[in-house]
Structures are given as structure tokens and as C-alpha cells.
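The values are calculated or read from the model by the stated rules, or taken from the named source; none is laboratory data. Not measured: the values here are computed from a predicted model. Using ideal geometry, Cβ is built from the backbone for each residue, glycine included, and neighbour counts are taken over all protein chains shown.
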Amino acid sequence: MDHLQAALEELAAGRGPGLFALVADAGEVVFTGSVGTADLDRPRPIEVGDRFRIASVTKPYLATVVLQLADQGRLSLTDTLDHRLPGLLPGGEALHSGRRH
């Protein structure tokens, strides 16, 4: 897997303090690698158990899961939040398609 580590190092060049990668095949981890530092104040290598803030990167994953669930008939794209999680959002029963009625 040296080629994956080399690719990770090339990708990381000049792009911030560090990167971590995990590659899985059929649920089995086949590669983990890291480049750079996990903590700028107390430099140390990035480790598998470290936690990362991924911010807006979650949006495409969530969208993919929602579309898969809709394809399976487990939810509808027109479902309201209150339909799925009653009482979570005050006034949620009045929300539909992002607008108040």
C-alpha cells in the first residue's frame, strides 16, 4: 500500500496541517495513512482515533443517504421534519418544503 501513502503525501503537499485517509473494501479496512500533524500547538502525528471537524463535507453524505432511503421507499422527499421527528422543532408541524404556511 505504499502507493496509497505516496498519493496521500502528494495530496497533502501545501494543503494545511495534515490529512488522514482510511480505505475500506466490503467493510474491511485495507489501508490507513496520515500525513502532517494533528495538533499545531503540541505537534504530534495524526492517529486513527483522532476526531476531525468535517463541517460542510457532511452535506453530500446526508443527501446520498436520504436519496437512498427514498429509493427504498423508507421515506419520501416530501416528508416534513415533524412527520419523522415529531416535536423536535417548535412549529415543525407547520413547516413544509422549507416554508411556513
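Structure data summary
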| quantity | calculated |
| --- | --- |
| Residue within region 86-93 that is surrounded by 10 or more Cβ atoms within 10 Å (Cβ to Cβ), under 21 Å from Ala21 (Cβ atoms) and at pLDDT below 85 present | no |
| Residue match in region 57-78 (condition: in contact with a strand residue (DSSP E or B) (Cβ under 9 Å, 6 or more places away or on another chain) and either over 30 Å from Gln5 (Cβ atoms) or without any contact (Cβ under 8 Å) to a residue 12 or more places away in the chain (or both)) | yes |
| Any hit, region 25-43, residues being in a loop (DSSP other than H, G, I, E, B), among the basic types (Lys, Arg) and under 21 Å from the mean Cα position of the chain (by Cα) | no |
| Residues located in region 44-85, provided they are part of a loop (DSSP other than H, G, I, E, B), more than 25 Å from Ser34 (Cβ to Cβ) and modelled with pLDDT of 85 or more | Gln72, Gly73, Arg74, Leu75, Ser76, Leu77, Thr78, Asp79, Leu85 |
